[in-house]
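Q: After the structure tokens below, expect a handful of questions from me.
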Amino acid sequence: MSIRREYDVPLASLSTFRMGGTAREVAVVETEEDLQELFAILPSDRKWFILGGGSNVVFPDGDTDTLIIRIAIPGIRVLTQTEDDVTIAVGAGVSWDSVVSFAVDRGLAGIEALSWIPGTAGATPVQNVGAYGVEIKDVLVSLRAYDIQKGEYVVFRNTECLFGYRESIFKNVGKGRYVITEITLVLSTDGPNVPQYPGVAEYLAAHDIRAASLEDIRNAIITIRSKKLPDPSQIASVGSFFKNAFVPVEIAAKLKATYPTLAVFPVDGTLSKIGTGSLIDTLGWKGKRIGNLSLYAGNAMVVVNEGGATRRELAEFISLIQIEVQKKYGIAIEPEPELLDF
Ligand SMILES: Cc1cc2nc3c(=O)[nH]c(=O)nc-3n(C[C@H](O)[C@H](O)[C@H](O)COP(=O)(O)OP(=O)(O)OC[C@H]3O[C@@H](n4cnc5c(N)ncnc54)[C@H](O)[C@@H]3O)c2cc1C
């Protein structure tokens, strides 16, 4: 067994929100065999938590005996190749953006719109990561996971992951049962689908690009994201702190008539999506700082830990925003990251 053990690790160093006390022990796992063996010898009363890149979790303030199991399984392999598509298997610990870069460099389409999302490949199915009209569910064929209850590896096909908006089985009934070790993606050789977003169109026009390549789309997305989202290496955040809101179409239409700046998108005949950033935008919170927390000046969805923020401060900060949104629009907005208490 070649598990790396680290002791007394500040939780702040393990998450992009840089909050939390100290983890007494962190186990870094690089192979499926090691993961299985780790669970085989773990006392049944020992608490544990599976961590990828820590870009969608907020840790608690206190010190913890919970074993942090950091998944660092490497490797990208080409499984099959036809004229139309290429199937790749990616180790759960591979940084997601390096998977996008791997695909774009080889002319493989499907994930270029998911450029520059922090974190690991293995975490992407957990909240069905998405951006610019693409979600991981659109390209995921299957994944391998360790079933802790059964003590064996299992395969989930796409439909078995029960994907929804920022949802999957791994966040719900399967939470605490499965550890994802490998994802399999099918990518197309057909060239890019240009995301239908004004920012992308503006970038392409500004660069005089008529037939965008995969690399053009990746560059466009990186440019747009770097304006709207803080760089996690410089500013502590988890990206969007709130999920977008889904409301009945009639309510969305009424709100749009009253507040024309709201970003309302049709979903189906019954529901519309409202960009939560546009709900918060009108409340004057952008750039506002209270104590050690602020709302990012460039994006009303992003809560920033200015340094030393506590969970209590965070709870108060987000509930102030939630209450104001509820009062003005009658919409309950929910946090996107996992707020951990262990
Ligand atoms: C600047 C910024 C921008 C972002 N932009 C986006 C965006 O555009 N779209 C989007 O969807 N998200 C976005 N995010 C959120 C985040 O990057 C994604 O959710 C990412 O997939 C989390 O990966 P991670 O490895 O950091 O997961 P972690 O934060 O480590 O974990 C997240 C959850 O997944 C579980 N998990 C992690 N790895 C595994 C595994 N191998 N098996 C089982 N469970 C696992 C954890 O237990 C936890 O519950 C952004 C975050 C930041 C900081």
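Q: Could you please give the count of residues in the range 103-124 that are part of a loop (DSSP other than H, G, I, E, B) and more than 8 Å from the ligand (Cβ to nearest atom)?
A: So the first thing to find is which residues in the range 103-124 are part of a loop (DSSP other than H, G, I, E, B), and the list is 106-108, 110-111, 115-119, 124.
Pick out the ones that are also more than 8 Å from the ligand (Cβ to nearest atom) and you get 106-108, 110-111, 115.
Going through the range 103-124 one residue at a time, the tally reaches 6.
Q: Looking at the range 106-124, is at least one residue of a type in the set (Lys, Arg) and more than 24 Å from residue 56 (Cβ to Cβ)?
A: Of the residues in the range 106-124, the ones of a type in the set (Lys, Arg) are 106.
Right, trim to more than 24 Å from residue 56 (Cβ to Cβ) and you get 106.
Yes, the range 106-124 has at least one match.
Q: Given the residues 28, 58, which is the only one that is modelled with pLDDT of 95 or more, within 11 Å of the ligand (Cβ to nearest atom) and under 30 Å from residue 242 (Cα atoms)?
A: Selected residue: 58, the only one of 28, 58 that is modelled with pLDDT of 95 or more, within 11 Å of the ligand (Cβ to nearest atom) and under 30 Å from residue 242 (Cα atoms).
Q: Do the conditions hold for residue 48, that is, is it modelled with pLDDT of 95 or more, among the hydrophobic types (A, V, I, L, M, F, W, C) and within 8 Å of the ligand (Cβ to nearest atom)?
A: So residue 48 fails the test.
Q: Looking only at the range 162-177, filter to residues that are crowded, with 21+ Cβ neighbours inside 10 Å and out of contact with any Gly (no Cβ under 9 Å at 6 or more places or on another chain); which one of those is nearest to residue 30 (Cα to Cα)? Talk me through it step by step, then tell me what you get.
A: First, pick out the residues of the range 162-177 that are crowded, with 21+ Cβ neighbours inside 10 Å: 163, 168, 170.
Add one more test, that the residue is out of contact with any Gly (no Cβ under 9 Å at 6 or more places or on another chain), and what stays is 163, 170.
On the way: 163: 27, 170: 21 Å.
Among them, the one singled out is 170.
Q: Separate question: Scan the range 125-151 for residues that are within 13 Å of the ligand (Cβ to nearest atom), part of a loop (DSSP other than H, G, I, E, B), at negative phi and buried (at least 21 other Cβ atoms within 10 Å of the Cβ) and jot them down.
A: 125, 126, 127, 129
Q: Next question, about the same structure. When you scan the range 183-205, do you find a residue that is surrounded by fewer than 21 Cβ atoms within 10 Å (Cβ to Cβ), in a loop (DSSP other than H, G, I, E, B) and within 14 Å of the ligand (Cβ to nearest atom), even just one?
A: yes
Q: Can you name every residue in the range 294-318 that is touching a residue at least 60 places away in the same chain (Cβ under 8 Å) and part of a strand (DSSP E or B)?
A: Those that are touching a residue at least 60 places away in the same chain (Cβ under 8 Å) and part of a strand (DSSP E or B): 302, 303, 304, 305.
Q: Also, quick follow-up: So which residues in the range 152-167 are within 17 Å of the chain's Cα centre (by Cα) and assigned to a helix (DSSP H, G or I), if there are any at all?
A: Of the residues in the range 152-167, the ones within 17 Å of the chain's Cα centre (by Cα) are 161-167.
Once the filter is applied, which keeps residues that are within 17 Å of the chain's Cα centre (by Cα) and assigned to a helix (DSSP H, G or I), the range 152-167 yields only 161.
The values are calculated or read from the model by the stated rules, or taken from the named source; none is laboratory data. A quick note: this is a predicted structure, and the numbers were derived from the prediction, not measured. For neighbour counting, all protein chains shown are included, and Cβ atoms are generated from backbone atoms with ideal geometry for every residue, glycine included.
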